[in-house]
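Take a look at the structure below.
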Amino acid sequence: MEEPPKPTTEASRLTGVVIPIETNKRPVTSIQIENSPDARPQSGLLQAGVVYEAIAEGGITRFNASFLEAQPDYIGPIRSVRPYYAELAAPFDPIFVHAGGSAAGIAKIGELGLKDFDHGANGGAFQRVSDRYAPHNLYSSTAAIDAGAAARGYTSSEVKSFLRKEEKKGLPPTASTINLTISSALYNVTYTYDPTNNVYLRTMGGRPHTDQRSGQQLAPKVVVAMVTPFSQSGIYSVYQTVGSGAVFIFQDGQVQQGTWERASAKEQFVFKDAAGQPIGLNPGQSWLTLVKNPGQVAFTP
């Protein structure tokens, strides 16, 4: 009797999308990407599996974008790390790509044992482009990062994944429009539900948030707003990413309100509904924004 053929695909450890098993063995790469007006439009965010959005300082948001199966050849502008970005990405056990950082941010990478890939020590994997001015012009590619990371022995990741679920298209929307008042008009975000593709089209600062090369609008499958204790230390933001707080999860045109929790920065976030049951996320890109209070989250059917 012949053995059945072995499966060749499985769910991505990062996104939940079905991908080749061999591809799923790649390490996760988490990259700090800038979001000042001089950095827009960015490259790479369109293909990211998970994006975290938080305020770096002065109300200016910054992204940490994680990749596994997607391997873009142009990513940036790449900027510096703060401690909470390292904490947010830590469950993916990633190669952590950044260009310097605050003293606390650099220390946090070491404290968490992340695979540090700083521009300063790995300059050959980065390029300064001529159509932007410094410091908004530092870019890289998956191939360049892979080569530099492999030379350092960074070839795998022990990923702690989000809980996933199946998509449920066609439900009457309870959240067709989402408004996140993150800091100021330049950084506030609106998402508009696209029922045909079951995604949320992202607008930032009153304009469609697009990819530089393709012009395509960013459109995550899942939008998460996490209410996270926030304070400041000098000019720097301080976010508490361990513990628990309120969460709003938007997917399939629906909103679920519940709580996020995790016991340490190395554990993955667990989302629970009002009854304490776990909430799974749709496969595909998930975009998670840290907000200071529930009043910064508004949505309409």
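The values are calculated or read from the model by the stated rules, or taken from the named source; none is laboratory data. Every value quoted in this text rests on a predicted model; they were computed, and no experiment measured them. Reconstructed Cβ throughout: ideal geometry from the backbone, glycine too, with neighbour counts over all protein chains shown. To get the accessible areas, we keep the full protein, side chains included, count just its heavy atoms, and leave off ligands, DNA and RNA. Shrake-Rupley method; radii C 1.70, N 1.55, O 1.52, S 1.80 Å.
Taking the range 114-139 as the search range and keeping residues that are aromatic (Phe, Trp, Tyr) and assigned to a loop (DSSP other than H, G, I, E, B), which one is surrounded by the fewest Cβ atoms within 10 Å (Cβ to Cβ)?
Only one residue fits best here, namely TYR133.
Looking at (1) farther than 22 Å from HIS136 by Cα; (2) within 14 Å of the chain's Cα centre (by Cα); (3) small (Gly, Ala, Ser), which one does SER43 not meet, given that it meets all the others?
It is condition (1) that SER43 fails.
Is it the case that some residue within the range 35-45 is open to solvent by 10 Å² or more (accessible area, probe 1.4 Å), modelled with pLDDT under 95 and charged (D, E, K, R)?
No, the range 35-45 contains no residue that is open to solvent by 10 Å² or more (accessible area, probe 1.4 Å), modelled with pLDDT under 95 and charged (D, E, K, R).
Which of (1) outside any loop (DSSP other than H, G, I, E, B); (2) crowded, with 18+ Cβ neighbours inside 10 Å does THR241 not meet, given it meets every other one?
Answer for THR241: the failing condition is (1).
Can you give me the number of residues within the range 4-29 that are within 19 Å of the chain's Cα centre (by Cα), of a type outside the set (S, T, N, Q) and in a loop (DSSP other than H, G, I, E, B)?
7
Among PHE67, PHE117, which is the only one that is under 27 Å from GLU10 (Cβ atoms) and touching a His at 6+ places or on another chain (Cβ under 9 Å)?
PHE117
Could you grab me the full set of residues in the range 147-164 that are surrounded by 15 or more Cβ atoms within 10 Å (Cβ to Cβ), under 19 Å from the mean Cα position of the chain (by Cα) and part of a loop (DSSP other than H, G, I, E, B)?
Of everything in the range 147-164, those that are surrounded by 15 or more Cβ atoms within 10 Å (Cβ to Cβ), under 19 Å from the mean Cα position of the chain (by Cα) and part of a loop (DSSP other than H, G, I, E, B) turn out to be SER157, VAL159, LYS160, SER161, PHE162.
Give all pairs with beta carbons closer than 6 Å in which a residue from the range 144-162 that is of a type in the set (Lys, Arg) meets a residue that is surrounded by 15 or more Cβ atoms within 10 Å (Cβ to Cβ); count only pairs at least 6 apart in sequence or on separate chains.
If the second residue must be surrounded by 15 or more Cβ atoms within 10 Å (Cβ to Cβ), the pairs left are LYS160/PRO91.
Before we move on, is SER183 part of a loop (DSSP other than H, G, I, E, B) and either in contact with a Gly (Cβ under 9 Å, 6 or more places away or on another chain) or aliphatic (A, V, I, L, M) (or both)?
When the stated conditions are applied, SER183 passes them.
Tell me which strands (runs of 3 or more DSSP E) are completely within the range 40-113 and hold 3 or more residues being more than 19 Å from GLY124 (Cα to Cα), or say none if there are none.
Those strands (runs of 3 or more DSSP E) span 50-57, 60-67.
Would you mind telling me which numbered condition in (1) hydrophobic (A, V, I, L, M, F, W, C); (2) part of a strand (DSSP E or B); (3) loosely packed, with under 14 Cβ neighbours inside 10 Å LEU201 fails?
Going through (1) hydrophobic (A, V, I, L, M, F, W, C); (2) part of a strand (DSSP E or B); (3) loosely packed, with under 14 Cβ neighbours inside 10 Å one by one, LEU201 breaks only (3).
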